[in-house]
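Notes follow once the structure below has been shown.
The values are calculated or read from the model by the stated rules, or taken from the named source; none is laboratory data. What you see is a predicted model; the values in this text were computed from it and never measured. Positions of Cβ are backbone-derived with ideal geometry, glycine not excepted, and every protein chain shown enters the neighbour counts.
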Amino acid sequence: ESLPRGKKQIIITEIPYSVNKARMIEKIAEIIIAKKLPPLTDVRDESDENIRVVLEFKSTADENKLMSYLFKHTELENNFQLNFNCLKPNGEPDRLSLLEICQHFLEFRKQVVTRRLNYELALLQKRLHILAGFAAIFNNLDKALKLIRASKSRKEAHEKLQKYFKLDDEQTNAILETPLYRLVGMEMEKILQEQKEKLKEQKKIKSILASPKKIWTEVREELKEIKEKHGDKRRTQIKTIESIEYNAEDFIEHEDVHIIISQNGWIRKLKNLGDPSALKFKENDQLLGILQTNTRNLIALFTSLGVVYVSKVYNLSYTRGGFGEPIQSLFNFADGEKVLGMLTLSAPDEGLDTPSEGQTSMDFLKSDTPGENNTEFLVVSANGFGFRFPLSNLAETTRSGRKIMNLKNDDRMIGFAPVTHGHVFLATEKGKAVVIATDQITQLTGSGKGVTLMKPGESRLAGFKFVDLKDKIVLVFDSGNDKVITVKSVRLCNRGSQGVIVSKRKTILKIK
């Protein structure tokens with residue numbers, strides 16, 4: 001339906017079986033608020049005794065694609081799971097198709113019909129046997145009555161009738177148990193008529209049992225009777241439908257946003273960010289970093305356990321106030337797992353925004369220079385291991401994350417950085433440092449432990465940074481003081497060395 005001001009609306013009059021209408025509308029409203037479907041502007045419940053849910057959307061939107069999105073992401077379309085694991089008639093378990101189940105059911109119905117007809121035939125034959133006894137005395141009824149009256153006991157009458165008319169015990173007992181008034185001409189005519197009908201019915205049943213085709217006809221007729229008696233008009237149609245293809249990103253509006261993450265793992269998305277110093281955090285928490293990106297992009301978060309988590313930016317909810325949401329609500333973090341930093345990944349054909357060099361465990365850095373999909377990164381652990389890897393395989397979003405660095409014992413990943421220079425400066429907490437050539441570091445395409453970059457001994461790495469040999473390094477100590485040294489003052493070594501002393505008494509917190 002068309003509305004004023006360039007809007008349209010879709011009216012929903014039916015919802016799937018067992019779906020709660022209020023929860024369904026609430027889910028649609030959440031999609032609107034999160035701007036995951038910008039063409040959809042409003043949802044209203046105008047239901048009375050009949051269902052009427054109104055969806056308002058922009059006139060420029062394709063309503064078929066819009067509904068396809070809602071079918072996929074809400075309970076407007078539901079799937080019902082069927083367990084087709086069955087025991088076949090021979091007792092063998094198997095997973096059957098719907099066609100096979102129908103075939104077994106029809107075969108079962110055939111067996112039921114066959115057993116029932118055999119049972120009915122047995123009853124008919126038993127009754128016909130009795131009726132044959134009555135027919136035997138019909139033509140000489142007076143003699144039968146005379147024999148009965150002349151007998152002094154039931155046993156004597158039984159023997160006389162059986163001998164004279166050549167009857168068996170069952171037939172004779174049936175005659176003797178019949179009241180005498182029924183053994184008259186009129187009543188006997190009814191018995192003979194019953195015999196005639198029973199013979200006709202017996203012939204029909206035998207004819208059906210002798211023909212598989214007639215048995216299947218009987219099955220079909222019974223199913224038709226059940227349908228006519230119990231079948232009502234289907235409210236849900238069973239038919240083949242054409243799935244309308246859509247790309248969820250077609251609905252995403254290009255918006256520049258800011259992603260803020262705290263050291264304790266609280267993440268928020270803001271459309272507008274004023275003064276970063278005005279941001280509020282929970283007690284004992286503080287800013288880890290701010291990332292400027294676009295709703296069409298991806299974000300990749302690297303953690304201390306050597307895992308990288310990737311999410312689409314538009315999947316993050318906008319935060320209008322508060323501290324955001326815990327990172328555990330987006331990803332399956334392990335106990336004690338901490339975010340080291342994050343970077344933004346553009347769409348595959350739009351390049352890659354890379355963080356700047358020198359990222360350490362507490363740094364969050366990003367440059368404004370987009371890289372390429374083959375950009376190389378270096379990851380380093382506290383025990384001195386590391387390797388280079390390409391970012392081309394990080395475009396896959398995953399809630400459980402992807403293991404990128406295999407860590408042993410109490411080792412932890414301390415940082416990641418793009419490969420930008422020919423040398424890497426590494427320093428330990430206890431004051432040793434080394435400079436190694438970048439090309440000595442192995443490149444891996446999958447997860448791994450890497451190679452030994454530096455042997456920290458009883459210490460741990462405090463940080464690393466890509467450098468030129470003419471650069472200067474700032475050592476930040478845990479006391480708050482710092483010290484500036486030149487890269488040239490540190491001996492150039494092969495990877496795996498223990499390094500040289502750059503600080504004798506102070507503990508290095510990080511390098512800049």
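Considering the conditions (1) touching a residue at least 40 places away in the same chain (Cβ under 8 Å); (2) not charged (D, E, K, R); (3) not in a helix (DSSP H, G or I), Ile241 is excluded by exactly one of them, (1). Restricted to the range 478-512, and to residues there that are touching a Lys or Arg at 6+ places or on another chain (Cβ under 8 Å) and of a type in the set (A, V, I, L, M), the residue that is nearest to His421 (Cα to Cα) is Val487.
Mind checking whether some residue in the range 62-70 is outside any helix (DSSP H, G or I), modelled with pLDDT under 90 and surrounded by 13 or more Cβ atoms within 10 Å (Cβ to Cβ)? Even if it seems obvious, please write down each step before you answer.
Taking the range 62-70 first, the residues outside any helix (DSSP H, G or I) are 62.
With the extra rule that they be modelled with pLDDT under 90, the set shrinks to 62.
Then drop every residue that is not surrounded by 13 or more Cβ atoms within 10 Å (Cβ to Cβ), which leaves 62.
Yes; the residues of the range 62-70 include at least one that is outside any helix (DSSP H, G or I), modelled with pLDDT under 90 and surrounded by 13 or more Cβ atoms within 10 Å (Cβ to Cβ).
Residues in the range 14-52 that are among the small types (Gly, Ala, Ser) and farther than 30 Å from Leu270 by Cα: Ser18, Ser47.
Would you confirm whether any residue within the range 424-431 is in contact with a Leu (Cβ under 9 Å, 6 or more places away or on another chain) and over 29 Å from Lys403 (Cβ atoms)?
Restricting attention to the range 424-431, the residues satisfying the condition of being in contact with a Leu (Cβ under 9 Å, 6 or more places away or on another chain) are 424, 426-429, 431.
Filter again for over 29 Å from Lys403 (Cβ atoms), leaving 431.
Yes, the range 424-431 contains at least one residue that is in contact with a Leu (Cβ under 9 Å, 6 or more places away or on another chain) and over 29 Å from Lys403 (Cβ atoms).
Evaluated against (1) within 43 Å of the chain's Cα centre (by Cα); (2) under 27 Å from Arg505 (Cβ atoms), Gly446 falls short on exactly one condition, (2). Here Thr74, Thr60 are screened, and the one residue that is closer than 30 Å to Lys7 by Cα, touching a helix residue (DSSP H, G or I) at 6+ places or on another chain (Cβ under 8 Å) and of a type in the set (Val, Ile, Thr) is Thr74.
Of the candidates Lys65, Lys58, the single residue that is farther than 30 Å from Thr217 by Cβ and touching a Gly at 6+ places or on another chain (Cβ under 8 Å) is Lys58. The residue pairs whose first member lies in the range 393-417 and is assigned by TED's automatic domain parsing to the domain that holds Phe466 and farther than 15 Å from Ser447 by Cβ, whose second member is outside any strand (DSSP E or B) and modelled with pLDDT of 90 or more, and whose beta carbons are closer than 6 Å, counting only pairs six or more residues apart or on different chains, are Arg412/Ser304; Arg412/Ala382; Ile414/Ala382.
Take Asn90 and decide whether it is over 30 Å from Glu14 (Cα atoms), part of a loop (DSSP other than H, G, I, E, B), among the polar types (S, T, N, Q) and not assigned by TED's automatic domain parsing to the domain that holds Ile10. It would help to see each step written out before you state the result.
Values: over 30 Å from Glu14 (Cα atoms): yes; part of a loop (DSSP other than H, G, I, E, B): yes; among the polar types (S, T, N, Q): yes; not assigned by TED's automatic domain parsing to the domain that holds Ile10: yes.
Yes; evaluated as a whole, the condition is true for this residue.
Residue count for the range 302-334, restricted to those that are part of a strand (DSSP E or B) and either polar (S, T, N, Q) or over 11 Å from Ile267 (Cα atoms) (or both): 8.
Looking only at the range 257-273, decide whether some residue is part of a loop (DSSP other than H, G, I, E, B), exposed (fewer than 10 other Cβ atoms within 10 Å of the Cβ) and at pLDDT below 85. Before you say what the answer is, go through the steps one by one.
So in the range 257-273, the residues part of a loop (DSSP other than H, G, I, E, B) come out as 263-265, 271-273.
Next, only the ones that are exposed (fewer than 10 other Cβ atoms within 10 Å of the Cβ) stay: 272.
Retained after the next criterion (residues that are at pLDDT below 85): 272.
Scanning the range 257-273 turns up at least one residue that is part of a loop (DSSP other than H, G, I, E, B), exposed (fewer than 10 other Cβ atoms within 10 Å of the Cβ) and at pLDDT below 85.
Entry remark, the range 381-439: residues being farther than 15 Å from Thr303 by Cβ, crowded, with 16+ Cβ neighbours inside 10 Å and among the hydrophobic types (A, V, I, L, M, F, W, C) number 14 in total.
Val474 passes all but one of (1) in contact (Cβ under 8 Å) with a residue 24 or more places away in the chain; (2) on the phi > 0 side of the Ramachandran plot; which number fails? It is condition (2) that Val474 fails. Part of a strand (DSSP E or B) and either in the same structural domain as Asn494 (by TED's automatic domain parsing) or in contact (Cβ under 8 Å) with a residue 60 or more places away in the chain (or both): does that describe Leu469? So Leu469 does not fit the description; no.
Counting only helices (runs of 4 or more DSSP H) wholly contained in the range 102-192, the ones carrying 2 or more residues that are of a type outside the set (Ser, Thr, Tyr), in contact with an Asp or Glu (Cβ under 9 Å, 6 or more places away or on another chain) and surrounded by 14 or more Cβ atoms within 10 Å (Cβ to Cβ) occupy 154-165. Tell me whether the range 324-331 contains one or more residues that are surrounded by 13 or more Cβ atoms within 10 Å (Cβ to Cβ), assigned by TED's automatic domain parsing to the domain that holds Lys449 and under 30 Å from Thr60 (Cβ atoms). No: zero hits.
Ile32 falls short on exactly one of the conditions (1) touching a Leu at 6+ places or on another chain (Cβ under 9 Å); (2) without any contact (Cβ under 8 Å) to a residue 40 or more places away in the chain; (3) under 30 Å from Leu99 (Cβ atoms), and that condition is (3).
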